[in-house]
Amino acid sequence: MIGRDKSRTHWRVLKIDRLEPTELTIFEDSTTYSEHDCHDLLRRLHEGNKAVGGLKLIAICYGIIGFVRFLGPYYMLVITKRRKLGTICGHTIYGISKSKMIPVPNSTVRSNLPYSKDENRYKKLLSTVDLTKDFYYSYSYNVMHSLQRNLNDCKAGQFLYESMFVWNEYLTRGIRNNLNNTLWTVALVYGFFKQVELSISDRIFKLILIARRSRHYAGTRYLKRGVNEKGRVANDVETEQIVIANATEDCPTQISSVVQIRGSIPLFWSQETSRINIKPDIILYKKDVNYEATRLHFENLAKRYGNPIIILNLIKTRETKPRETILRAEFADAVRHINTSLPRENRLMFFQWDLHRHSKSKATNVLRQLANMSAYALSLTGIFYCQVAPNSRPLESPDIEINKTDNFSSENLSIRNEGADNVEIELCNTRCPGDSNRSHNVKPLLNQKGVLRTNCIDCLDRTNVAQYVYGLVCLGTQLFTLGFTESPKINLGEPLADELMTIYEIMGDTLAFQYGGSAAHNKIFSERRGQWKPAAQSQELIRTLQRYCNNAYFDRDKQDAINVFLGHFQPQQGKPALWELGSDQHYNVGKRDSNFPNENVRVSMKRSLSAGSIPSDTPEADPILGCNQPLSEIVAAANDGISESTPLIPTNEDSIAACRYIPSVIQKQFFKFMHDGQLLGRDPISCDEDDECNFSNFMDADWLSSSGNSCEGDINERSLGSLSIENVVNGLNIDMNEPARKSSGMSTVKENEQAKPDLDELLEKFGSWVSDGGSLFH
């Protein structure tokens, strides 16, 4: 393999032994060649190997994705075609357009290996991981980290692959450990990346929305739920919203970002996949008395983002058949229990608001209430803001050419490929040149401290609505901080709000396909756009059936492919094949090869739904710099289980085997209002009546709706019908009042043009079936 920089002045050579049938032997030539010297080296190699065909150009690629071995030889995965997705401060972000899997041993060596039909099946299984969708990378920008961390931390190299958001950590581990560098590989992040140009008041700015999906406890909807023993949760996604102001020449660029997260409810719970029940029962399969896994999860969040940790829980308040309410009560108990051992300033802040119930009420302005809660959360965490200036010295990245014996032509080396346009960035604390009167424009560096964590059951549909609203509130503050607006207010009726909604809707659909198998349910977005109700209902029906079919029939294979790609399952001769194991079991047996040292070997089969523990191979706390507050005064205890460097915690299979713990639904009033004027120095919040209000930061947001927005049937349950969340926000500048307007594409439907009663009845019954579960066919 021949690697070169963009300017074609530095050339390096990587040699891979192709005579080893099942071992990976890599050697990097320490010499840095000129183009002429490298060309001369390849010419001599070609002439010396003419008897066996000489050198032949296999591919021009843009980085090594990694190496993988099933039951036979090693294969090398490379990027052969890329596409530009956007730029961050001059650093280009790429997606993969084409990739290639190349066998490492030559054809003669491979012909002597025993044939295995399982080998081909594993290859096909891995190929179902579509690298051309939703994977992205950069040669010079650490896209696996937030902007705040990148501008406060200069760490690079092997450290980058330790991030929880790098999905090819396992695939690249062999070559990285062998060469002790990352020159030849790229770190792939899985999730979502979108960059657009927007404008407000005739001023243009760039908006970048990034979603990073964690590789820990990764998988599909019903096969990965809740939390595992190490505090990793399913569907763990970090979302970052970046706003960049277009700067004039020689002036610093103003840039701001804000991070929010989503993740499954951190309890031991599951739902068994069913082909006859579209909504399987929710089962608490393990009673964690001390909520240790939940505690580990929130300790990890505090390490990464600082305090406060604000939880927005959107699951249902009450149901005919208890499902979500089981988790609602247990989650509240867990937070209350954890808060008893934390100092006042580091306690978890817990908001509970039934989005599903409020969205059914015409009297409830769902988006406005979410905006008020979001404004309160933002007032606690703040945003990241800085000014950056371009540096004249670019960072270079290598293009790579792969050659093997046969038909070498000197023209192959003359092929030029577009390199990354990489520009270093530095913090800027100076005024624009030649403008001595504008020193006041140099604003101080701001850091985000703490994070908003949003969840529903799947962390897809309701969560995406809440994340959009939080993003809209943050965008108003970001534009105000950048000097684009005179007030941090964005009206829901403004075009900018609709444009942002479209971007979040696309992100929501992408994340929903990855985890749930269909696009997200966007009922609130559809109503917001004024979409014709029968059309929206039909769309929701189709997406429900699509999600059901994927969950019931295809998610098993998808989960298997993810487990192979991430290295959670490693095939070995004489051991059961992956598809012979039931319900997402991981069967890691035997001795790992020499390219993957210091690994914990497991020789027992585990069910992910019970043990829930997947080995983590590398450490990382992924902190946002500038946030030094620990979650607990005894923060050292967290190092025993939550750091990404921590070895796998052994799990006692017998203790958690098939335990099905289902707590009874709490019948008493769960929250009551109490004043605690000294709590964090903020307005009063709601506390559980069993709590002394000095242990917990609880707020039942369902109680904070004004009386005018009350839902039917809720009046007798409210103790604060007249208290609105605006009182809690205490005058924050947020204006979410929507002016009356009609969609230009929406016409009035006359009574005789409405759907037939039998269709309405069918849709109503289907909605009840979806909400309450039951058999698919009667």
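The values are calculated or read from the model by the stated rules, or taken from the named source; none is laboratory data. Because the structure is a prediction, the values reported are computed rather than measured. Don't worry about glycine lacking a Cβ; one is built from the backbone with ideal geometry, like all the others, and counts go over all protein chains shown. Note: areas computed on protein heavy atoms with side chains; ligands, DNA, RNA excluded. Shrake-Rupley method; radii C 1.70, N 1.55, O 1.52, S 1.80 Å.
Within the full protein context, the accessible area of LYS56 is estimated at about 90 Å² for a probe radius of 1.4 Å. One Cα centroid belongs to the range 218-287, the other to the range 512-557; the line between them spans 18 Å.
With each label modelled as a point 7 angstrom along the Cα→C-beta vector, the ASN120-ASP281 pair spans 4.4 nm. Normalised by 2.2 N^0.38 Å, with N the number of residues, the alpha-carbon radius of gyration of the range 45-107 equals 1.52.
Where the centroid of each part is defined by its Cα atoms, how far is the range 13-58 from the range 189-208 in Å? What the calculation gives is 44 Å, centre to centre. Checking every one of the GluC sites (Glu not before Pro) in the range 189-284 against DSSP loop status and a limit of 10 other Cβ atoms within 10 Å picks out GLU249. List, in the order given, every pair from LYS321/LYS533; LYS124/LYS286; LYS287/LYS449; LYS98/LYS123 whose Cα-Cα distance in the structure shown is over 25 Å. Result: LYS321/LYS533; LYS124/LYS286; LYS287/LYS449 exceed 25 Å. Were the residues from ASN290 through ALA59 laid out at 0.36 nm apart, the gain over their Cα-Cα distance would be 77.6 nm.
Hey, quick one: spin label on ASN181, modelled 7 Å out along Cα-Cβ, who in the range 56-71 has an amide N within reach, i.e. under 18 Å? Within reach of a label on ASN181, which here means backbone N under 18 Å from a point 7 Å along Cα→Cβ, the range 56-71 contributes 62-66. Across every direction, the projection of the convex hull enclosing the Cα atoms of the range 1-187 has a mean area of 12.0 nm².
Ordering of 251-258, 94-101 by packing is 251-258, 94-101, highest average first (other Cβ atoms within 10 Å, averaged per residue).
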